[in-house]
């Protein structure tokens with residue numbers, strides 16, 4: 001992938017999509033498809049096909065699709081599944097049809113079975129039942145992986161998949177209802193600090209452990225893999241460490257400067273007990289994450305303050 005190549009980031013308004021655009025720009029890729037004005041409805045086949053015919057990208061990063069935390073997955077399983085399935089089908093088909101040299105698909109660690117041996121390895125995909133709280137979304141993400149592999153098998157298309165840990169960072173959705181855990185807790189604790197509320201509720205027991213990865217590291221790894229990897233086997237993208245929800249909540253409390261108490265609501269679902277990724281293959285290729293969890297939380301909170309100061 002040369003600096004002059006035509007590059008399209010599908011899902012330019014998603015957390016990962018925004019980070020990819022920042023990283024590509026800083027690295028000097030100057031021929032990125034401009035999605036700021038007119039981007040098609042990515043669920044509509046005719047619109048996507050016409051867009052690819054007009055823009056003719058050489059390389060495609062597929063970071064599009066709705067996502068959310070446990071609450072969103074419980075409330076809108078059909079919406080999440082259908083949106084992701086439709087987008088994946090249209091983008092992957094159009095990329096092959098219009099001669100894209102390579103496509104990278106961003107999957108999800110939700111794709112692993114609930115009872116996967118830890119840390120999770122790619123060979124565990126589709127070996128057991130999925131976590132029930134995110135099953136519909138996970139099925140869609142698995143379908144995206146399999147569709148890339150099918151296009152490579154049938155058409156020789158260079159399509160790869162990456163499976164990141166729990167992604168967070170600037171550009172995330174900080175809504176109180178349906179966002180992922182880090183963004184939701186930042187918003188809750190900030191609001192509680194401003195309003196002088198003595199207690200913040202955290203869903204679940206706080207015991208589940210997650211592997212969080214800063215979004216700029218995800219973008220950096222995606223570009224690295226686009227340049228250096230072409231195997232149909234997905235690649236795990238993590239930082240090699242996991243942390244409990246209780247401990248991440250305490251770190252967020254420190255970063256936000258909230259002095260109140262945390263109350264864990266045991267009536268709410270925990271989700272998967274542990275999600276840690278075996279990223280040894282990616283590390284063996286020479287890639288390493290650059291942003292620590294603490295620094296990532298600080299940058300995320302700083303972005304939150306800069307962009308929402310008039311709303312809270």
(request) Among the residues of the range 218-239, count how many are under 17 Å from the mean Cα position of the chain (by Cα) and under 20 Å from residue 112 (Cβ atoms). (result) 10
(message) Checking the condition assigned to a loop (DSSP other than H, G, I, E, B), farther than 25 Å from residue 276 by Cα and out of contact with any helix residue (DSSP H, G or I) (no Cβ under 6 Å at 6 or more places or on another chain), which residue from 157, 100, 150, 78 passes?
(response) 100
(request) List the number of the failed condition for residue 67; all other conditions in (1) under 22 Å from the mean Cα position of the chain (by Cα); (2) in a helix (DSSP H, G or I); (3) crowded, with 21+ Cβ neighbours inside 10 Å hold. (result) (2)
(message) With at pLDDT 95 or above, in contact with a helix residue (DSSP H, G or I) (Cβ under 6 Å, 6 or more places away or on another chain), more than 25 Å from residue 215 (Cα to Cα) and buried (at least 16 other Cβ atoms within 10 Å of the Cβ) as the only criterion, which of 60, 48 stands out?
(response) 48
(message) Which residue is nearest to residue 15 (Cα to Cα), if the candidates are limited to the range 250-265 and must be part of a helix (DSSP H, G or I) and either touching a residue at least 40 places away in the same chain (Cβ under 8 Å) or in contact with a strand residue (DSSP E or B) (Cβ under 7 Å, 6 or more places away or on another chain) (or both)?
(response) 252
(request) Those residues that are on the phi < 0 side of the Ramachandran plot and surrounded by fewer than 18 Cβ atoms within 10 Å (Cβ to Cβ), I need them from the range 256-268; list them, please. (result) 259, 260, 261, 263, 264, 265, 266, 267, 268
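Considering only residues that are assigned to a helix (DSSP H, G or I) and buried (at least 23 other Cβ atoms within 10 Å of the Cβ), look in the range 111-147 and name the one that is modelled with the lowest pLDDT.
Residues of the range 111-147 assigned to a helix (DSSP H, G or I): 111, 122-124, 132-147.
From what's left, buried (at least 23 other Cβ atoms within 10 Å of the Cβ): 111, 134, 137-138, 140-141, 144-145.
Details: 111: 96, 134: 93, 137: 96, 138: 96, 140: 97, 141: 98, 144: 98, 145: 98.
Looking at residues that are assigned to a helix (DSSP H, G or I) and buried (at least 23 other Cβ atoms within 10 Å of the Cβ), I get 134.
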(message) Looking only at the range 126-157, how many residues end up being within 30 Å of residue 98 (Cα to Cα) and over 17 Å from the mean Cα position of the chain (by Cα)?
(response) 12
(request) Within the range 9-33, work out how many residues are farther than 20 Å from residue 53 by Cα, buried (at least 21 other Cβ atoms within 10 Å of the Cβ), free of Cβ contacts under 8 Å to residues at least 60 places away in the same chain and more than 11 Å from the chain's Cα centre (by Cα). (result) 1
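If I ask for residues that are crowded, with 21+ Cβ neighbours inside 10 Å and in contact with a helix residue (DSSP H, G or I) (Cβ under 6 Å, 6 or more places away or on another chain), which ones from the range 82-93 would you list?
Within the range 82-93, 84, 88, 90, 92 qualify.
Take residue 294 and tell me if it is in contact (Cβ under 8 Å) with a residue 40 or more places away in the chain, under 18 Å from the mean Cα position of the chain (by Cα), closer than 23 Å to residue 173 by Cβ and in a helix (DSSP H, G or I). Let's see the steps before the verdict.
Details: in contact (Cβ under 8 Å) with a residue 40 or more places away in the chain: yes; under 18 Å from the mean Cα position of the chain (by Cα): no; closer than 23 Å to residue 173 by Cβ: yes; in a helix (DSSP H, G or I): yes.
So residue 294 does not fit the description; no.
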(request) Output yes when any residue across the range 274-285 is in contact with a helix residue (DSSP H, G or I) (Cβ under 6 Å, 6 or more places away or on another chain), farther than 18 Å from residue 167 by Cα and surrounded by fewer than 21 Cβ atoms within 10 Å (Cβ to Cβ), and no when none is. (result) no
(request) Sort through 20, 42 and tell me the only one that's part of a loop (DSSP other than H, G, I, E, B) and either touching a helix residue (DSSP H, G or I) at 6+ places or on another chain (Cβ under 8 Å) or under 22 Å from residue 148 (Cα atoms) (or both). (result) 42
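The values are calculated or read from the model by the stated rules, or taken from the named source; none is laboratory data. Nothing here was measured: the structure is a model prediction, and the numbers come from that model. Cβ: placed from backbone, ideal geometry, glycine included. Neighbour counts: every protein chain shown.
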